[in-house]
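> So that we are looking at the same thing, I have put the structure below in structure tokens.
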Amino acid sequence: MPGKREEYLTWDEYFMGQALEVSLRSKDPSTQVGACIISSDNKQVSIGYNGLTNGMDDDQFSWNSPGEKTGDLYTTKNPWVAHAELNAILNCHGANLEGTTIYVTLFPCNECAKAIIQAGIKKVVYLRMYNDEMKVKITKEMFDKAGVEYIPYNPYKNFSKEEVQGAANEIQKILKRFSVKSDIVNSEYNDQYFMSLAEEISTNSDCRRHVGAVIARDNKVLVTGYNAAPVGCESCIELGGCMRQEDNIPSGTRQEYCRAVHAEQNAIIQAATEGISIKGGTLYVTTYPCNICARMIMNCKLKRIVYQGDYQDEGSHNMLKESGIIVEKYEPKVKKIGSI
């Protein structure tokens with residue numbers, strides 16, 4: 001049996017990738033910024049992107065910011081927009097940010113630096129440098145005084161705005177290829193975006209079958225998870241092979257005969273340990289839940305499940321049908337645009 005996959009993403013690559021991907025939610029036509037806050041044990045705590053405050057209509061707001069040319073502050077976009085770092089901090093749902101790390105696609109301005117310091121974040125990893133020298137100087141001095149470490153994602157390359165935007169655009173093009181039109185995405189749940197996150201998260205799995213899960217509510221990620229051996233235990237691959245496969249256990253049966261904690265279980269456990277309420281949320285998962293996960297999902301009072309791959313477990317299907325939870329298969333009709 002082959003050894004573990006060697007091309008998996010490093011944690012730095014994965015979390016900066018998350019920040020780049022979330023930046024694609026920004027409506028700002030000139031600068032899209034994404035931020036991702038991570039705990040010391042590599043769990044996603046919160047995400048954010050630069051955008052208007054709640055209650056402001058994205059379609060009515062003047063994104064072209066004419067006030068920048070006329071000197072009219074009222075018609076300039078900057079006073080109305082909350083930056084990615086601040087939004088990530090405000091989206092944390094009361095989680096303790098002490099000692100966390102924030103990955104951000106643009107070095108924080110001095111205003112965001114204040115929020116980062118006050119929130120207890122101790123490390124900033126940035127993709128490109130802010131172009132206002134005075135604000136950068138102030139930010140760095142505040143970080144130095146507060147003991148906040150700040151490091152470039154790549155110490156040997158000073159990325160330009162065009163390079164970062166180009167990378168984000170490539171990610172967007174790939175994701176768009178998996179849907180017919182952007183307008184088929186459910187505006188309330190943003191299925192395409194959250195399922196793409198679940199797919200990306202699944203790549204961290206150390207199991208034979210990679211599964212990723214995201215629980216979201218109100219267009220915000222609450223928790224994530226992927227299937228893996230319990231903390232402190234070696235995976236089946238590290239032990240030489242999958243115990244289910246070696247003992248010829250049919251798929252969809254005897255789920256307890258497995259060394260791994262399932263992706264859905266890990267997401268629910270993370271919510272419990274971090275004190276995050278997931279009631280009324282939507283579970284996005286790359287494979288239909290087994291009956292063990294289904295029972296946990298039902299008791300967590302999740303509202304909706306969006307799954308990608310099928311899983312033959314009659315008990316799971318029957319229980320979820322009884323539960324009244326909305327269960328939908330995610331099957332975007334791929335528009336053929338060349339090859340991927």
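The values are calculated or read from the model by the stated rules, or taken from the named source; none is laboratory data. The structure displayed is predicted, hence computed values, not measured ones. We place every Cβ from the backbone using ideal geometry, glycine too, and count neighbours over all the protein chains shown. What goes into the accessible areas is simple: the full protein's heavy atoms, side chains included, and nothing from ligands, DNA or RNA. Shrake-Rupley method; radii C 1.70, N 1.55, O 1.52, S 1.80 Å.
> Quick one: which residue in 232, 252, 241 is surrounded by 15 or more Cβ atoms within 10 Å (Cβ to Cβ), modelled with pLDDT under 70 and not in a helix (DSSP H, G or I)?
Residue meeting the stated conditions: 252.
> OK, next. Please find, among 132, 58, the residue that is charged (D, E, K, R) and in contact with a strand residue (DSSP E or B) (Cβ under 8 Å, 6 or more places away or on another chain). Give the steps one after another, and end with the answer.
On the way: 132 fails: in contact with a strand residue (DSSP E or B) (Cβ under 8 Å, 6 or more places away or on another chain).
Only one candidate qualifies: 58.
> Can you tell me which residue in segment 297-326 is modelled with the lowest pLDDT, limited to those that are surrounded by 17 or more Cβ atoms within 10 Å (Cβ to Cβ) and within 13 Å of residue 268 (Cβ to Cβ)?
300
> From 137, 176, which residue is more than 14 Å from residue 33 (Cβ to Cβ) and within 21 Å of the chain's Cα centre (by Cα)?
176
> Being surrounded by fewer than 24 Cβ atoms within 10 Å (Cβ to Cβ), in contact with a Cys (Cβ under 7 Å, 6 or more places away or on another chain) and touching a residue at least 12 places away in the same chain (Cβ under 8 Å) narrows it down to one of 265, 270, so name that one.
Unique residue meeting the criteria: 265.
> Just one of (1) open to solvent by less than 70 Å² (accessible area, probe 1.4 Å); (2) farther than 30 Å from residue 208 by Cβ; (3) in contact with a Ser or Thr (Cβ under 6 Å, 6 or more places away or on another chain) trips up residue 68, so point out which.
Among (1) open to solvent by less than 70 Å² (accessible area, probe 1.4 Å); (2) farther than 30 Å from residue 208 by Cβ; (3) in contact with a Ser or Thr (Cβ under 6 Å, 6 or more places away or on another chain), the lone unmet condition for residue 68 is (1).
> Go through (1) in contact (Cβ under 8 Å) with a residue 60 or more places away in the chain; (2) open to solvent by 50 Å² or more (accessible area, probe 1.4 Å); (3) touching a Gly at 6+ places or on another chain (Cβ under 7 Å) and name the single condition residue 84 misses.
Tallying (1) in contact (Cβ under 8 Å) with a residue 60 or more places away in the chain; (2) open to solvent by 50 Å² or more (accessible area, probe 1.4 Å); (3) touching a Gly at 6+ places or on another chain (Cβ under 7 Å), residue 84 fails exactly one: (2).
> In segment 88-102, which residues are of a type outside the set (Gly, Ala, Ser) and under 14 Å from the mean Cα position of the chain (by Cα)?
91, 92, 102
> For segment 94-186, list the strands (runs of 3 or more DSSP E) that sit wholly inside it and hold at least 3 residues that are surrounded by 19 or more Cβ atoms within 10 Å (Cβ to Cβ) and touching a residue at least 24 places away in the same chain (Cβ under 8 Å); which are they?
Filter on segment 94-186 gives 101-106, 123-128.
> Confirm whether residue 276 is modelled with pLDDT of 90 or more and of a type outside the set (Gly, Ala, Ser).
yes
> For segment 2-47, give me each residue that is among the acidic types (Asp, Glu), more than 21 Å from residue 173 (Cα to Cα) and touching a residue at least 60 places away in the same chain (Cβ under 8 Å).
First, pick out the residues of segment 2-47 that are among the acidic types (Asp, Glu): 6-7, 12-13, 21, 28, 41.
Still in the list and also more than 21 Å from residue 173 (Cα to Cα): 6-7, 12, 41.
Within segment 2-47, 12 is the sole residue that qualifies.
> Do you know which residues across segment 7-45 are within 29 Å of residue 62 (Cα to Cα) and part of a loop (DSSP other than H, G, I, E, B)?
Across segment 7-45, the qualifying residues are 24, 25, 26, 27, 28, 29, 30, 31, 32, 33.
> Given the criteria on the phi > 0 side of the Ramachandran plot, in contact (Cβ under 8 Å) with a residue 12 or more places away in the chain and not acidic (Asp, Glu), does residue 190 qualify?
yes
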